[in-house]
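**Q** For reference, the structure I am asking about is given below.
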Amino acid sequence: MDSADQDLLKQESVPEGEDAAATVPEALSEEEQEHLRKELEKVEEEIQTLSQVLAAKERHLADIKRKLGITPLAELKQNISKGFQDVASTTVYRKTSETLSHAGQKASAAFSSVGSVLTKKLEDVNIRSLQHSISMPAMRNSPTFKSFEEKVETLKSKVGGNRQSTGDFGEVLNSAANASATDPLTEKDEETQ
């Protein structure tokens, strides 16, 4: 490399945009200005040549990939796969994966036990409803039910008059519901309420 190429590789701050316009060119002789203009043209030509070479290399690369059957989609899949393999090989990923796996097993066990408890509760409810439907006649003969039935009979006789009851509980409830609420209550009735 000659000294001119080495000068090109040096990193110098080159003002751009408004900063470039704001700098006042140093007092350069005509000879120095001419030398810089030629160097500017040369650098611009090299940039154009490099751009053309780069474009040709990119076309050549695309041609080789096409001949090998490497499509952009296949290339994307390969890049994603490689990226995933790189991530999967990290310690953080492995630890996170193990933690999530362990948490998933715990959650699965918890859901399983909740399901078992719910199944047992539903079985208990079904058994109780079966027992309830079996014990209805027994409940009708209980002292509490008979006491309630007597109170309804008493209420019926107060609201609807002294008609003889047939003893059917459903009939008693229907007649009490249909009784007129406009019948005046006696003082004795008001005291019981």
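The values are calculated or read from the model by the stated rules, or taken from the named source; none is laboratory data. These numbers were taken from a predicted model, which means no experiment stands behind them. Just the protein is used for accessible areas: all its heavy atoms, side chains included, with ligands, DNA and RNA removed. Shrake-Rupley method; radii C 1.70, N 1.55, O 1.52, S 1.80 Å.
**Q** Cα to Cα, under 19 Å, and not fewer than 8 places away if on the same chain: which lysines meet these conditions relative to LYS158?
**A** LYS146, LYS188
**Q** Over region 40-98, with every protein chain in place, what whole percent of the accessible area is carbon and sulfur at 1.4 Å, could you tell me?
**A** 62
**Q** Now, a different point. Accessible area per residue of region 24-126 at 1.4 Å probe, in Å²?
**A** Averaged over the residues of region 24-126, the accessible area is 90 Å².
**Q** Lysine pairs in region 33-93 8 or more apart or on different chains: how many have alpha carbons under 25 angstrom apart?
**A** 9
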